[in-house]
Amino acid sequence: MITIHDFAKSYGDVKILQDIELKVDTGEALVLIGPSGCGKSTLLRHVAGIEDESSGPFSGRIDVGDVQDLLRWPEQKLLHQRIRGNRIGMLFQEGALFDFCNVEENLSWPLRENHKLSPTEILDRIQSTLEQVEMHRIRGLLSKEIRELSGGQKRRIALARSLLLEPDTMLYDEPTAGLDPPVAMDIAKLIRRLSESRGLTSITATHDMNSARIIADRVCFMRDGQIRFIGRIDECETHPEIRHFLQGEVDYAAQTIQ
């Protein structure tokens with residue numbers, strides 16, 4: 001479903017990503033881990049098609065399903081074929097909800113922008129998606145202001161907004177960041193259940209290894225803009241560089257690893 005070939009990205013003279021080779025199978029859940037600044041979020045933004053050469057030069061290519069060489073598609077073609085949102089969904093760090101809109105306005109916006117649906121059809125789809133993210137039992141939810149929601153509730157509403165357009169690929173940028181451990185575990189379990197029930201292909205960037213253990217079919221460890229390891233979760237935890245990263249020794253000298 002997702003193929004990244006010889007991908008590199010720079011911001012000015014600073015190389016952010018280099019020599020990225022990655023394949024994610026249809027229905028697979030891949031988790032990116034690594035220290036801050038290693039390029040995880042930058043890679044996600046390019047797979048989502050929301051960042052291109054306008055922010056800095058890149059080389060290589062990214063294919064998502066039948067969308068070949070995504071980053072070289074003209075903006076008008078991306079908009080016309082509704083690649084972002086309809087084909088590729090993304091849950092942004094902290095949710096990125098519209099604080100000036102209530103819950104219903106946040107959720108109905110992508111449907112109004114992308115589909116010709118009646119108000120009843122929009123409400124039906126919203127209610128169905130809220131059930132999938134386990135938010136349908138909250139009384140008066142749709143009229144609530146975003147500031148009235150807890151951190152976990154905001155994350156679920158943001159996830160529902162991404163799912164409303166029924167993408168087959170989902171990207172999650174630090175989906176559990178800033179949440180209490182029990183809430184973070186609930187969000188990770190929800191992401192896993194959605195991946196399985198909807199057959200989603202997904203890439204998740206996270207620092208949270210507890211969440212990674214729940215979500216991942218495979219784990220990709222990144223450092224200094226490069227992929228250092230790809231494999232199963234049980235394999236990665238015996239890898240010397242990852243073990244030191246997990247222990248907080250992010251300044252561990254990579255050249256000393258045999």
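Please give the net charge around Ser55, taking every other residue with its beta carbon less than 12 angstrom from that of Ser55, where Lys and Arg add +1 and Asp and Glu add -1.
Working: positive: Lys9, Arg45; negative: Glu51, Asp52, Glu53.
Within the 12 Å Cβ shell, the charges total -1.
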Problem set entry | Mean separation of Cα contacts under 8 Å (6+ apart) over length of segment 153-221, as relative contact order % | 37
Seminar exercise, completed: Simple spin-label estimate for Gln68/Arg198, 7 Å along Cα→Cβ, in nm, reads 2.8
For this session: Would you mind computing, in nm to one decimal, how far apart the modelled labels at Ser10 and Glu94 are, each placed 7 Å from Cα along Cα→Cβ?
Result: 3.1
For this session: Go ahead and estimate [θ] at 222 nm for the chain from helices alone: -39,500 (n - 2.57) per DSSP H run with n ≥ 4, summed, over the residue count, rounded to 500.
Result: -10000 deg cm²/dmol
Seminar exercise, completed: With all protein chains present and a 1.4 Å probe, the order of Met185, Met170, Met90 from largest accessible area down is Met185, Met90, Met170
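Leaving out ligands and nucleic acids, and using a 1.4 Å probe, what accessible area per residue does segment 124-197 come to in Å²?
Per residue, segment 124-197 has an accessible area of 45 Å².
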For this session: Keeping the other protein chains in place, figure out the carbon and sulfur percent of the accessible area of the chain, with a 1.4 Å probe.
Result: 47
Seminar exercise, completed: Each label sits 7 Å from Cα toward the beta-carbon; between Ala177 and Gln81 the label points are separated, in nm, by 3.0
Exercise. What percent do you get for the relative contact order of the chain when only Cα pairs under 8 Å and 6+ apart count?
Worked result: 27
Exercise. Most mobile of Ile50, Ile20, Ile146 per a Gaussian network model of the chain (Cα springs, under 10 Å)?
Worked result: Ile50
Exercise. Who wins for biggest fluctuation among Asp66, Asp173, Asp25 in a Gaussian network model of the chain, springs between alpha carbons below 10 Å?
Worked result: Asp66
Seminar exercise, completed: For Phe229, the residues 5 or more places away or on another chain with a placed amide H closer than 5 Å to its own amide H are Phe221
Problem set entry | DSSP-defined beta bridges in the chain - what % are antiparallel, rounded to 5 | 55
Problem set entry | Percent antiparallel among DSSP beta bridges (both partners in segment 117-258, rounded to 5) | 50
Exercise. Do the alpha carbons of any pairs in Lys154/Lys189; Lys9/Lys77; Lys40/Lys189; Lys15/Lys189 sit beyond 25 Å of each other, and which pairs?
Worked result: Lys15/Lys189
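The values are calculated or read from the model by the stated rules, or taken from the named source; none is laboratory data. Small disclaimer: the values here were computed from a predicted structure and weren't measured. Note that we place each Cβ from the backbone using ideal geometry, even for glycine, and neighbour counts take in every protein chain shown. With ligands, DNA and RNA removed, areas are computed over all heavy atoms of the protein, side chains included. Shrake-Rupley method; radii C 1.70, N 1.55, O 1.52, S 1.80 Å.
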